[in-house]
């Protein structure tokens, strides 16, 4: 860590180690506060969000007063995200994946409908309020589904088309969506679960198979056993990154590295069940996944720039609020019923609100918060990451490009 005066602002520079350490401290603080504040526990607000939000307020105060600023090195953020999704893949047996068949397809189509509806809402509200259509689309599926990465990429494209605030609008909209997703996801699931008196049904074949397949042996692991499990995670991460690069070149579009890592992990897990290369221990792998997810989101939250939300113009804020209201109502009244009106459906609604407004990791955080309070939904934990991380892009990307070509490019011409 170093301290400098940059443009008359006292700037605290945190290297990779210090950034990660601060994220870990904020994560612990989040858990402590959540354990003491009944409101946060009751409405399933994730611990990383609690600690991260407090720090965001501190950085905002520094920005507003011009007194101080932070400069973080987020090198390990993507590493933690990659590690988490790898552990998700290692928890998946073919027996579990087969169980998700029809429900996976239904959830995928729902996510696709959501992305189309978001673009329709963005264009409609922008025209009613007189806002540029390009900014309306940047406040829709591009940032709600695609997050900060898509917001920056498409924002740059729009700037080249003559919309100078493209990247700023994209960053602000993505930040709004990310914060909204973790605020509404848990409470909506809680309402559905408690109103309908829902509980995990461990008598179902799926849940029984999960218990049998992923149960710990109860024996103490040797150092070599632990090392083999950690090595499996690292190897899947490395190979998954390579595989994602190959797929990206094949389909001529960015392919998320964590999707490749997750699928490589699924393959390794199921090959290991036949060959017994090493002593796989799900409790250990699951624990590593929980830690890496918490650290990833903690870094993501503490590095968000809340002041970007201050740049939201009136019409743009209306569009974003409409996006949140639409997805909350759609999840509560429609999606819950389409997915079966059971406990898994309620938990998956929290996941949909996570990646439908923010990003796939925030969807997992929503799922984890609900699972920790009410019980595990393995269907949700398997289906939501697969759809949110990649499958939804198959629908979201082409139709978004069509909306841009139809309602923005034609207008420019």
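Summary table below
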quantity	calculated
Angle between the chain longest axis and helix 205-214 axis [Cα atoms, degrees, rounded to 10]	80 degrees
For segment 304-384: rounded, prolate or oblate by the Cα gyration tensor [a/c cutoff 1.5]	oblate
Theoretical gain in end-to-end length, residue 71 to residue 230 [0.36 nm per residue, Cα-Cα removed]	54.1 nm
Contour minus Cα-Cα distance for residue 290 and residue 334 (0.36 nm per residue)	12.8 nm
Rounded to 5, percent antiparallel among DSSP beta bridges of the chain	50 percent
Between 0 and 90°, nearest 10: helix 360-374 axis offset from the chain longest Cα axis	50 degrees
Projected label distance in nm at residue 341 and residue 246, using a 7 Å step from Cα toward the beta-carbon	4.7 nm
Which of 330, 3 has the fewest Cβ neighbours within 10 Å, and the rest in rising order	3, 330
Approximate spin-label separation residue 109-residue 273, in nm, with each point projected 7 Å along Cα-to-Cβ	2.8 nm
Global form of segment 75-197, assessed from the alpha-carbon gyration tensor, a/c cut-off 1.5	prolate
Peptide ranges 132-144, 272-284 listed from the most packed, as the mean C-beta count within 10 angstrom indicates	132-144, 272-284
Mean residue ellipticity (222 nm) of the chain, computed from DSSP H runs ≥ 4 via -39,500 (n - 2.57), nearest 500	-24000 deg cm²/dmol
Nearest 10 degrees, 0 to 90: helix 75-90 Cα axis against the chain principal axis	40 degrees
Convex hull per residue volume in Å³, alpha carbons only, for segment 77-412	131 Å³
Packing rank of 70-77, 372-379, where each peptide gets the mean count of other beta carbons within 10 Å, highest leading	372-379, 70-77
Cα gyration tensor category, rounded, prolate or oblate, for segment 3-70 with a/c compared to 1.5	oblate
Isotropic mean projected area of the C-alpha convex hull, segment 265-401 (nm²)	11.2 nm²
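Bear in mind these aren't lab numbers, they're just calculated from the coordinates by the rules spelled out. Worth saying up front: this structure is predicted, and the values here are computed from it rather than measured. Note: ideal-geometry Cβ built from the backbone for every residue, glycine included; neighbour counts use all protein chains shown.
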